[in-house]
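What follows is a single structure, written as structure tokens, with notes after it.
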Amino acid sequence: MGKSERKKLAIVVQGGTIDKLYCAFILASTAVAIDMEAHLYFTFWGLNMLVKGAMEKAGLPATYKHLEEQMRKNLEKMKYPTPYEMLKRLRKSDLFKMYACSPTMAMFGIKREDLIPEVEEIVGAATFLEIATTADITLFI
Amino acid sequence: MGKSERKKLAIVVQGGTIDKLYCAFILASTAVAIDMEAHLYFTFWGLNMLVKGAMEKAGLPATYKHLEEQMRKNLEKMKYPTPYEMLKRLRKSDLFKMYACSPTMAMFGIKREDLIPEVEEIVGAATFLEIATTADITLFI
Amino acid sequence: MGKSERKKLAIVVQGGTIDKLYCAFILASTAVAIDMEAHLYFTFWGLNMLVKGAMEKAGLPATYKHLEEQMRKNLEKMKYPTPYEMLKRLRKSDLFKMYACSPTMAMFGIKREDLIPEVEEIVGAATFLEIATTADITLFI
């Protein structure tokens, strides 16, 4: 299918908790599997999860913290991939694009070399909005 | 109005707190009232709220927990319907569809018989993405 | 560019924490800067932040509370505008529109005179859904 005919999913990944990361990566993986493009723009806590070593430590939000141990056990028993493993798989697809939010990096004092090597592009919100205006599904996670 | 001309709202209900449930159900009820279709896909904490007896216990998130008592009193005074009452009303409309996320059920060990009878379909994310690509408004709540 | 050709961003601002407000206002400011319309519908905690004096006190959500001091220091050092300053700048643009959710006001006992003077219109969800169906990007923040 030609690029112009492809359906497109655009997600702002603002959350940095494991439930939000799973939602973003499961939706992106599913999109790619059904031949849709998936564009993820990491900002705020989502961007903070792209710092080396951070995603492995992602936990549940305060509201659901008490369920964290049980969820981790279930995921291990299911041999469910970790968020970072899902991201690495996604990066192998030409249909997947990820962007790090440059203003967030300035706000948190994060430098390019602090980020995991999977990050492709560091861009501002304008670039993402241009992409999202051509998307069929837009979500803020 | 014919189905193809109808505007369509598609929501991923990821949150399981009462404020998020109200937002999803108020938007869906309003959509249906103005002759739009409303499609709600319950995942993660949202899906957990479809377990029998769970929605009645939904509270506010940790950040706003201190406002819970006051909010409950206001809602009672206004005789505001509970989230579950709103959902039951929504289910009477042909314009409303709700879906339970099957991967979440596996992740949390939830079985079909654990869910409230209002649940129509248990589907994966691909089914929802296909629906959402034809929607006019897509939200992640 | 004529109004009908302009791209349009529609956001439900449900969150009332400083990170969510920044996301909404940065996206709206960026949209306006690239000649897009930006429509913000404030509901729940977002609406509560439109009460006079409230936005200045917005903090981080419980999950990220421990990062609040550091973030505030970084923002001051960068001379980053506060959320309220961003909102006041946005209001000077003809491309920006903001709406206060009337059912939320009833739910929290908030009156028109309690709100900051920047609020233009107090409307129900139906008005916002009509606007959002013509938007190119729809987000729930």
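Taken together, the values in this text are just the output of simple stated rules run on the coordinates, not laboratory data. Quick caveat: nothing in here was measured; it's all calculated off a predicted structure. A quick note on method: Cβ atoms are made from the backbone with ideal geometry, for glycine too, and the neighbour counts reach across all protein chains shown.
Figures for the structure shown
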| read-out | value |
| --- | --- |
| Qualifying residue in the range C:59-69 (condition: loosely packed, with under 14 Cβ neighbours inside 10 Å and either more than 9 Å from every other protein chain (Cβ to nearest Cβ) or more than 25 Å from B:I141 (Cα to Cα) (or both)) | yes |
| Enumeration of residues in the range C:89-141 that are polar (S, T, N, Q) and free of Cβ contacts under 8 Å to residues at least 12 places away in the same chain | C:T133 |
| Where B:D19 falls short, out of the listed (1) of a type in the set (D, E); (2) facing chain C (nearest Cβ under 10 Å); (3) loosely packed, with under 15 Cβ neighbours inside 10 Å | (3) |
| Test: residue in the range C:22-39 that is part of a strand (DSSP E or B), touching a Phe, Trp or Tyr at 6+ places or on another chain (Cβ under 7 Å) and free of Cβ contacts under 8 Å to residues at least 60 places away in the same chain | yes |
| Residue ID - nearest to A:L139 (Cα to Cα), chosen from residues in the range C:88-141 that are in a loop (DSSP other than H, G, I, E, B) and among the β-branched types (V, I, T) | C:I141 |
| Qualifying positions in the range A:30-73 - of a type in the set (F, W, Y) and under 19 Å from B:M107 (Cα atoms) | A:Y64 |
| Verdict on B:L47 being at the interface with another protein chain (Cβ under 7 Å from one of its Cβ atoms) and not aromatic (F, W, Y) | no |
| Matching option when the condition is under 30 Å from C:T63 (Cβ atoms), buried (at least 19 other Cβ atoms within 10 Å of the Cβ) and aromatic (F, W, Y), among B:Y99, B:Y80 | B:Y99 |
| Residue check, A:L95 of a type outside the set (S, T, N, Q) and closer than 25 Å to B:G15 by Cβ | no |
